[in-house]
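Undergrad: Pasting a structure below so you can have a look.
The values are calculated or read from the model by the stated rules, or taken from the named source; none is laboratory data. Worth saying up front: this structure is predicted, and the values here are computed from it rather than measured. Backbone-built Cβ (ideal geometry, glycine too); neighbour counts: all protein chains shown.
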């Protein structure tokens, strides 16, 4: 198996942290480059951590890569800040995707949101929908879009709501961050080219 190089943004978040661990454990990759604002949260012989100014991603130091993983997202305390949302949920992921394409990435895998729609009346979902449309113009051989709803937590109320969501509503069930990370890293091994959109039910992507 030919060893590959991965590029990851969002490694300090819940989904991205899971991706980082799984990528470092995978024999598929001989190097994992992380772009992050903060200093390294892990050490590993395969890990290259690059502190990065996300407002100037076009100037980021990054090598030639095979697969790029994007788990960027806004902090919970910024959900009502439209500017913060636009940067973290649209501008930064798009800039990261363009950087990955420029560095030769053939695959791009990204977390967006259930019900993402460029025509949605909801600002957040509209951003995600616009992002998905833009990504499809960048020429990746394979684009995987993962659309979780809420992420599972210790919030028993949120988790209990899953039992009420059946049929077409399954895509809105909360899912664990690790399940999303596992789906992303597994998706990177799929050989077929094209665009794939992954929704989540229980216990995994549907």
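A quick yes/no check of all residues on (1) assigned to a loop (DSSP other than H, G, I, E, B); (2) free of Cβ contacts under 8 Å to residues at least 60 places away in the same chain:
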residue: 16; (1), (2): no, no
residue: 27; (1), (2): yes, yes
residue: 32; (1), (2): no, yes
residue: 38; (1), (2): yes, yes
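Undergrad: Related question: Could you check the range 119-149 and list, in sequence order, the residues that are touching a strand residue (DSSP E or B) at 6+ places or on another chain (Cβ under 9 Å) and in a loop (DSSP other than H, G, I, E, B)?
TA: Taking the range 119-149 as the starting set, the residues that turn out to be touching a strand residue (DSSP E or B) at 6+ places or on another chain (Cβ under 9 Å) are 128, 131-132, 135-136, 138, 140-149.
Listed by number, the residues that qualify are 136, 138, 140, 141, 148, 149.
Undergrad: Right, something else. Specify which of the listed residues (35, 8, 22) is more than 18 Å from residue 100 (Cβ to Cβ) and either touching a helix residue (DSSP H, G or I) at 6+ places or on another chain (Cβ under 7 Å) or surrounded by 20 or more Cβ atoms within 10 Å (Cβ to Cβ) (or both). Even if it seems obvious, please write down each step before you answer.
TA: On the way: 35 fails: more than 18 Å from residue 100 (Cβ to Cβ); 8 fails: more than 18 Å from residue 100 (Cβ to Cβ).
Only one candidate qualifies: 22.
Undergrad: Here is a further query. Are any residues in the range 55-67 in contact (Cβ under 8 Å) with a residue 40 or more places away in the chain and touching a strand residue (DSSP E or B) at 6+ places or on another chain (Cβ under 8 Å), and if so, which ones? Please lay out each step first, then the result.
TA: Taking the range 55-67 and keeping what is in contact (Cβ under 8 Å) with a residue 40 or more places away in the chain, we get 57-58, 62-67.
The answer is 57, 62, 63, 64, 65, 66, 67.
Undergrad: Looking at the structure I just gave you, is residue 43 assigned to a loop (DSSP other than H, G, I, E, B), surrounded by fewer than 20 Cβ atoms within 10 Å (Cβ to Cβ) and at pLDDT 90 or above? Explain how you work it out, then say what you get.
TA: Details: assigned to a loop (DSSP other than H, G, I, E, B): yes; surrounded by fewer than 20 Cβ atoms within 10 Å (Cβ to Cβ): yes; at pLDDT 90 or above: yes.
Taking the combined requirement at face value, the residue satisfies it.
Undergrad: Still on this structure, please answer the following. Pairs needed: first member in the range 130-155, on the phi > 0 side of the Ramachandran plot; second member anywhere, at pLDDT 95 or above and outside any strand (DSSP E or B); C-beta distance under 7 Å; at least 6 residues apart or different chains.
TA: Listed by first residue and then by second, the contacts come to 139/101.
Undergrad: Right, something else. Scan the range 29-65 residue by residue and report those that are within 17 Å of residue 4 (Cα to Cα) and more than 19 Å from the chain's Cα centre (by Cα).
TA: 30, 44, 45, 46, 63, 64
Undergrad: Working carefully through the options 97, 116, find the one that is in contact with a strand residue (DSSP E or B) (Cβ under 7 Å, 6 or more places away or on another chain) and in a loop (DSSP other than H, G, I, E, B).
TA: Numbers: 97 fails: in a loop (DSSP other than H, G, I, E, B).
Checking each option against the conditions leaves just 116.
Undergrad: Tell me, please, whether a residue that is touching a helix residue (DSSP H, G or I) at 6+ places or on another chain (Cβ under 8 Å), at positive phi, assigned to a loop (DSSP other than H, G, I, E, B) and surrounded by fewer than 19 Cβ atoms within 10 Å (Cβ to Cβ) can be found in the range 79-89.
TA: Taking every residue of the range 79-89 in turn, none turns out to be touching a helix residue (DSSP H, G or I) at 6+ places or on another chain (Cβ under 8 Å), at positive phi, assigned to a loop (DSSP other than H, G, I, E, B) and surrounded by fewer than 19 Cβ atoms within 10 Å (Cβ to Cβ).
Undergrad: For the range 151-203, give me each residue that is under 18 Å from residue 69 (Cβ atoms) and either at pLDDT below 55 or in a loop (DSSP other than H, G, I, E, B) (or both).
TA: 176, 188, 189, 190, 191, 193
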